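Q: Have a look at this one before I ask anything.
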Amino acid sequence: MDFSLSEEQQLLKDSLEKFVASEYSPTQREKLLHAPAAFSADHWQTFAELGWLSIPFSEEQGGIGGGIVESAIVMEAFGRGLVLEPFVDTVLLCGQVLARSGNASMAEQYLEPLIAGELQGALAWQERQSRSSLEHCETEAKRQDGGWLLNGEKVLVSNAAANLLIVSAKQGDQVGLFAVPADNPGVTLQTLKLMDGRDAMNVTLTDCQLTAEHCLQEAGLQLLQQVVDEATVALCAEAVGAMDYLYQATVEYSKTRKQFGQPIGKFQALQHRMVDMFMLTEQCRSLLVCALCSVSDNSETVTEDISALKAMVGRYGRQVAEEAVQLHGGMGVTHEMNIGHYLKRLMMIDVTFGDADFHRRRYCNARYAA
Amino acid sequence: MHAKFTPEERVFQQEVREFMTNEFTDELAARIRHPDSFREAMIEWQKKLDAKGWAANGWPVEHGGCGWSATKRSIYSNEMALAGAPDVVPMGIKMVGPVLYSFGNEEQKARFLPATKASDIWWCQGYSEPGAGSDLAALQTRAVRDGDDYIINGTKIWTTYAQYADWMFCLVRTNTEGKPQAGISFLLIDMTSPGITVSPIISIDDEHHLNEVSFSDVRVPVANRIGEENEGWTYAKALLTYERTALSGVGYCKRTLQRIRDYAANERQGGGRLIDDPDFQARLADVEMEVTSLEYLELRVLNAVDKGGAPGMESSLLKLKGSDCQQAVQTLYWNLAAAYGGVLPGDDHQNVSGHAYGDQARREYMFGRATTIYGGSNEVQRNIIAKFGLGL
Ligand SMILES: Cc1cc2nc3c(=O)[nH]c(=O)nc-3n(C[C@H](O)[C@H](O)[C@H](O)COP(=O)(O)OP(=O)(O)OC[C@H]3O[C@@H](n4cnc5c(N)ncnc54)[C@H](O)[C@@H]3O)c2cc1C
């Protein structure tokens, strides 16, 4: 057992933290919110140059062969600074489906530009009736003239800058996975602004024609679940980074804000609340370590370990952020103060890939079902 | 012991229900939701209530109040909330009104009470300052006497709806010696006076409700002072008590729970309806139990008042528990909306999520974070209950 980071992992962490410290002050971030697609194309190029976009891909595929731990290191650092660039969508979702699907021609065509920072990706799985369930998919894929024809609607697809969509679609009684270029004439996109500053989109597929090779897997539910599970761990790492920031920022604020002639941090009622914020953060971090080991070790309990993490992060993430708002008083409910932006991001993380209730149920099903 | 209304109370309940259904139209609701028409639409609504004689129902009858029992007041506010209709903007009728009829002189009463009741004056509350939030008595805005005027310098913050206000009731420092509470005066300030600057503060729900209001050599006639110089703290404290008990929000909680049940019956999750999901039911039940207990807490307080008693320390719990309950309901509502709650409205405040209530769930949750902060934060409420309620 060893929970420490390797030398390379530590270097990666340092360079990420340096990037966040120099590029992600609240004012710098506020500017990016108004950029096209609500993130910085320049930052994305920097990520490519620093090799961050290649982290979770094998060397044969042009990557550096990193694993879940490296992805979590990236996302925790991004969580601290509320980084907007769509690393999870492009690299961990779209990129990992491509890399693992076994479809060599699609991987060859798309992974190189993705790793070079020239291609943005998204995973289009959610539908109006599905809520958090990956398998309840009503978008349909039919075989036609040796290729495929897709029809259906996907909602709240994260990363409106995506050039390539990975679409889940029912074909027969299987869920297939398809690589759909966003400029396919059968694709209509409606951009939505989200409260965490990101741009998402609703995607309508109307007789969207694809060649046979654009089908990544005809029965792809297992791959989809696996990729989503690992991305979920990375999202939780992001949440832990955000929680870490929040409790520390609250402690700092309580040392400087004075009421009744003393720093509010001197009030024992508030001290205990901040200790709890710290404790909740460390509890989440502990389940993060558990899930990281579980994925790395290919553990039998990986499903419940990931769901335990997501359930706890969903609940405690919001709780820590709500406490941070409360202890900042009026300042906490302003747009200007970044505390509220962390709350919004943690709320969105909670409802991405299933909220705390969903994952508690999934944990029960994995653990107690006969 | 029973919880039945008398026949007269039932008739009253029916009357209120019908009024709300007929008068609070969808069209009016839509205009109140839109920031550009909010002020005008709220005034229109308050004028409808005033025409019915209900706008200032809590005031003494001689000033146009209704003389209702506490039970009737609770029926009224419940029915209003269940109809989704907003209560009057509190600053005028619920906050400065009682101060005016309790401590104002005859001239001030004649000048301000009828106009306040008729919503011809929009009031804002100038208490908090950058350095004086929970510790309100630390306020620094100076008022220096100059003939028949005071000259005001300083800054107020978090002033709700100052951008719409005609007048502000304001706490200022008229004496810097002795205990901080002892040097405060209560002034009424015309917002069109030269030297006042109102700057917007955008809040966490991306809306403009809050403001910073700065005063630079603003002249205010001494005749606009309520009561005695340096006695303002007493009047302000009376007002704060009034503000706190007005805040339990039972009706709002019940209406939102009703919505949540309706929506959950239509929301699909995987194969089935969300309302049939035992996990969801358990969460809904947890919140409903909290709200029912809040409702009975409020009824107990009101019943004690109707029987001629003074509201005991339970009434201090109302704001505390009421704000907790509102937030619990809002959190459940947000969870029901799931990720759709994260979609911001498009241009012109239109809901573009393709989802009926996500937008509302987000706004209510977000701004709801402030319910445990304003009107005396929940931490300060606990300090008060510990000290005066439990004698610690
Ligand atoms: C939406 C909104 C609307 C408002 N509208 C108005 C308005 O119209 N007019 C107006 O005058 N004001 C208004 N306020 C201001 C409001 O009254 C203050 O925000 C409130 O009194 C808290 O003060 P503060 O923001 O300075 O927080 P602080 O006093 O700095 O408090 C920060 C934190 O410390 C805690 N704390 C402070 N003292 C203690 C203590 N002794 N023990 C334990 N904990 C403590 C607080 O509870 C809070 O969690 C509004 C505020 C909000 C959020």
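Q: Can you name the residue in the stretch B:144-167 that is within 25 Å of B:PRO90 (Cβ to Cβ) and more than 10 Å from the ligand (Cβ to nearest atom) and is also farthest from the chain's Cα centre (by Cα) among such residues? If you could, list the steps in order and put the result at the bottom.
A: Of all residues in the stretch B:144-167, those within 25 Å of B:PRO90 (Cβ to Cβ) come to B:152, B:154-167.
With the extra rule that they be more than 10 Å from the ligand (Cβ to nearest atom), the set shrinks to B:152, B:154-155, B:163-164, B:166-167.
Working: B:ILE152: 27, B:GLY154: 25, B:THR155: 22, B:GLN163: 17, B:TYR164: 16, B:ASP166: 18, B:TRP167: 17 Å.
By that ranking, first place goes to B:ILE152.
Q: To continue, here is another question. Before we move on, is B:GLY183 small (Gly, Ala, Ser), away from the ligand (no atom under 13 Å from the Cβ), more than 18 Å from B:LEU136 (Cα to Cα) and not assigned by TED's automatic domain parsing to the domain that holds B:MET366?
A: no
Q: So how many residues does the stretch A:237-269 have that are more than 10 Å from the ligand (Cβ to nearest atom), over 26 Å from A:GLY95 (Cβ atoms), of a type in the set (Gly, Ala, Ser) and assigned to a helix (DSSP H, G or I)?
A: 1
Q: Would you mind listing the helices (runs of 4 or more DSSP H) fully within the stretch B:273-392 where at least 1 residues are within 14 Å of another protein chain (Cβ to nearest Cβ), at pLDDT 95 or above and within 19 Å of the chain's Cα centre (by Cα)?
A: Answer list for the stretch B:273-392: B:314-337, B:358-368, B:378-384.
Q: Within the stretch A:286-319, can you find the residues that are surrounded by fewer than 19 Cβ atoms within 10 Å (Cβ to Cβ) and closer than 20 Å to A:ILE68 by Cβ?
A: Of everything in the stretch A:286-319, those that are surrounded by fewer than 19 Cβ atoms within 10 Å (Cβ to Cβ) and closer than 20 Å to A:ILE68 by Cβ turn out to be A:SER286, A:VAL289, A:CYS290, A:CYS293, A:SER296, A:ASP297, A:ASN298, A:SER299, A:GLU300, A:THR301, A:THR303.
Q: Give the residue that is surrounded by the most Cβ atoms within 10 Å (Cβ to Cβ), with candidates limited to residues of the stretch B:355-386 that are away from the ligand (no atom under 11 Å from the Cβ) and either of a type in the set (Lys, Arg) or over 22 Å from B:GLY84 (Cα atoms) (or both).
A: Checking each candidate, the answer is B:ARG362.
Q: Would a scan of the stretch A:347-359 turn up a residue that is among the polar types (S, T, N, Q) and more than 9 Å from chain B (Cβ to nearest Cβ)?
A: Initially, the stretch A:347-359 is screened for residues among the polar types (S, T, N, Q), giving A:352.
Filter once more, keeping what is more than 9 Å from chain B (Cβ to nearest Cβ): none.
Within the stretch A:347-359 (the criterion being among the polar types (S, T, N, Q) and more than 9 Å from chain B (Cβ to nearest Cβ)), the answer is no, since none of the residues qualifies.
Q: Checking the conditions here, which among B:GLN163, B:GLN181 is more than 30 Å from A:GLY261 (Cβ to Cβ), in contact (Cβ under 8 Å) with a residue 24 or more places away in the chain and either crowded, with 16+ Cβ neighbours inside 10 Å or touching a helix residue (DSSP H, G or I) at 6+ places or on another chain (Cβ under 8 Å) (or both)?
A: Working: B:GLN181 fails: more than 30 Å from A:GLY261 (Cβ to Cβ).
Unique residue meeting the criteria: B:GLN163.
Q: Ok, one more. Test each condition in (1) surrounded by 21 or more Cβ atoms within 10 Å (Cβ to Cβ); (2) out of contact with any Phe, Trp or Tyr (no Cβ under 9 Å at 6 or more places or on another chain) for A:LYS255 and report the one that comes out false.
A: (1)
Q: Working carefully through the options B:ASN57, B:ASN22, find the one that is assigned to a helix (DSSP H, G or I) and either surrounded by fewer than 14 Cβ atoms within 10 Å (Cβ to Cβ) or in contact with a helix residue (DSSP H, G or I) (Cβ under 7 Å, 6 or more places away or on another chain) (or both). Spell out the reasoning first.
A: Working: B:ASN57 fails: assigned to a helix (DSSP H, G or I).
After ruling out the rest, the residue left standing is B:ASN22.
Q: Show the residue pairs that are 6+ apart or on different chains and have beta-carbon atoms under 9 Å apart, the first residue being within the stretch A:300-313 and in contact (Cβ under 8 Å) with a residue 40 or more places away in the chain and farther than 15 Å from A:ALA231 by Cβ, the second being acidic (Asp, Glu) and buried (at least 22 other Cβ atoms within 10 Å of the Cβ).
A: From the stretch A:300-313, the pairs are A:ALA311/A:ASP355.
Q: When you look at B:GLY322, is it under 30 Å from B:GLY154 (Cα atoms) and touching a residue at least 40 places away in the same chain (Cβ under 8 Å), yes or no?
A: Numbers: under 30 Å from B:GLY154 (Cα atoms): no; touching a residue at least 40 places away in the same chain (Cβ under 8 Å): yes.
When the stated conditions are applied, B:GLY322 does not pass them.
Q: Check off (1) more than 10 Å from chain B (Cβ to nearest Cβ); (2) more than 21 Å from the chain's Cα centre (by Cα); (3) not aliphatic (A, V, I, L, M) for A:ARG362 and give me the number that stays unchecked.
A: (2)
Q: Test B:SER119 against the criterion of being among the polar types (S, T, N, Q) and either away from the ligand (no atom under 13 Å from the Cβ) or more than 30 Å from A:GLY265 (Cβ to Cβ) (or both), and give yes or no. Break it down into steps so the answer makes sense when it comes.
A: Values: among the polar types (S, T, N, Q): yes; either away from the ligand (no atom under 13 Å from the Cβ) or more than 30 Å from A:GLY265 (Cβ to Cβ) (or both): yes.
Considered against the rule, which asks whether it is among the polar types (S, T, N, Q) and either away from the ligand (no atom under 13 Å from the Cβ) or more than 30 Å from A:GLY265 (Cβ to Cβ) (or both), B:SER119 comes out as yes.
Q: Looking at the stretch A:359-366, is at least one residue more than 16 Å from the ligand (Cβ to nearest atom), assigned by TED's automatic domain parsing to the domain that holds A:THR256, touching a residue at least 40 places away in the same chain (Cβ under 8 Å) and within 20 Å of A:GLY241 (Cβ to Cβ)?
A: Within the stretch A:359-366, one or more residues are more than 16 Å from the ligand (Cβ to nearest atom), assigned by TED's automatic domain parsing to the domain that holds A:THR256, touching a residue at least 40 places away in the same chain (Cβ under 8 Å) and within 20 Å of A:GLY241 (Cβ to Cβ).
Q: Next question. Report yes if B:TYR340 is away from the ligand (no atom under 16 Å from the Cβ), surrounded by fewer than 17 Cβ atoms within 10 Å (Cβ to Cβ), on the phi < 0 side of the Ramachandran plot and hydroxyl-bearing (Ser, Thr, Tyr), otherwise no. Walk me through how you get there before you give the answer.
A: Working: away from the ligand (no atom under 16 Å from the Cβ): yes; surrounded by fewer than 17 Cβ atoms within 10 Å (Cβ to Cβ): no; on the phi < 0 side of the Ramachandran plot: yes; hydroxyl-bearing (Ser, Thr, Tyr): yes.
Taking the combined requirement at face value, the residue does not satisfy it.
Q: Yes or no: the stretch A:318-339 includes at least one residue that is in contact (Cβ under 8 Å) with a residue 40 or more places away in the chain, in contact with an Asp or Glu (Cβ under 7 Å, 6 or more places away or on another chain) and under 24 Å from B:LEU332 (Cα atoms).
A: No, because not a single residue in the stretch A:318-339 is in contact (Cβ under 8 Å) with a residue 40 or more places away in the chain, in contact with an Asp or Glu (Cβ under 7 Å, 6 or more places away or on another chain) and under 24 Å from B:LEU332 (Cα atoms).
Q: One residue is enough: does the stretch A:187-202 have a residue meeting the conditions surrounded by fewer than 18 Cβ atoms within 10 Å (Cβ to Cβ), away from every other protein chain (no Cβ under 14 Å) and either assigned to a strand (DSSP E or B) or at pLDDT 95 or above (or both)? Walk me through how you get there before you give the answer.
A: Start the filter on the stretch A:187-202 by keeping residues that are surrounded by fewer than 18 Cβ atoms within 10 Å (Cβ to Cβ), which leaves A:188-191.
Cutting the leftovers down to away from every other protein chain (no Cβ under 14 Å) gives us none.
No, the stretch A:187-202 contains no residue that is surrounded by fewer than 18 Cβ atoms within 10 Å (Cβ to Cβ), away from every other protein chain (no Cβ under 14 Å) and either assigned to a strand (DSSP E or B) or at pLDDT 95 or above (or both).
Q: Regarding A:ALA234, is this residue in contact with a Phe, Trp or Tyr (Cβ under 7 Å, 6 or more places away or on another chain) and part of a helix (DSSP H, G or I)?
A: Details: in contact with a Phe, Trp or Tyr (Cβ under 7 Å, 6 or more places away or on another chain): no; part of a helix (DSSP H, G or I): yes.
Considered against the rule, which asks whether it is in contact with a Phe, Trp or Tyr (Cβ under 7 Å, 6 or more places away or on another chain) and part of a helix (DSSP H, G or I), A:ALA234 comes out as no.
Q: Let me ask something additional. Hey, any hits in the stretch B:123-139 for a residue that's away from the ligand (no atom under 16 Å from the Cβ), more than 14 Å from chain A (Cβ to nearest Cβ) and surrounded by 17 or more Cβ atoms within 10 Å (Cβ to Cβ)? First the steps, then the outcome.
A: Here is the first cut: in the stretch B:123-139, the residues away from the ligand (no atom under 16 Å from the Cβ) are none.
Within the stretch B:123-139, none of the residues are away from the ligand (no atom under 16 Å from the Cβ), more than 14 Å from chain A (Cβ to nearest Cβ) and surrounded by 17 or more Cβ atoms within 10 Å (Cβ to Cβ).
Q: Further question: So which residues in the stretch B:168-180 are away from the ligand (no atom under 12 Å from the Cβ) and either within 14 Å of chain A (Cβ to nearest Cβ) or not small (Gly, Ala, Ser) (or both)? Walk me through it before giving the result.
A: So the first thing to find is which residues in the stretch B:168-180 are away from the ligand (no atom under 12 Å from the Cβ), and the list is B:172-180.
Once the filter is applied, which keeps residues that are away from the ligand (no atom under 12 Å from the Cβ) and either within 14 Å of chain A (Cβ to nearest Cβ) or not small (Gly, Ala, Ser) (or both), the stretch B:168-180 yields B:VAL172, B:ARG173, B:THR174, B:ASN175, B:THR176, B:GLU177, B:LYS179, B:PRO180.
The values are calculated or read from the model by the stated rules, or taken from the named source; none is laboratory data. Note that the structure is a prediction, hence the values are computed from the model and not measured. A quick note on method: Cβ atoms are made from the backbone with ideal geometry, for glycine too, and the neighbour counts reach across all protein chains shown.
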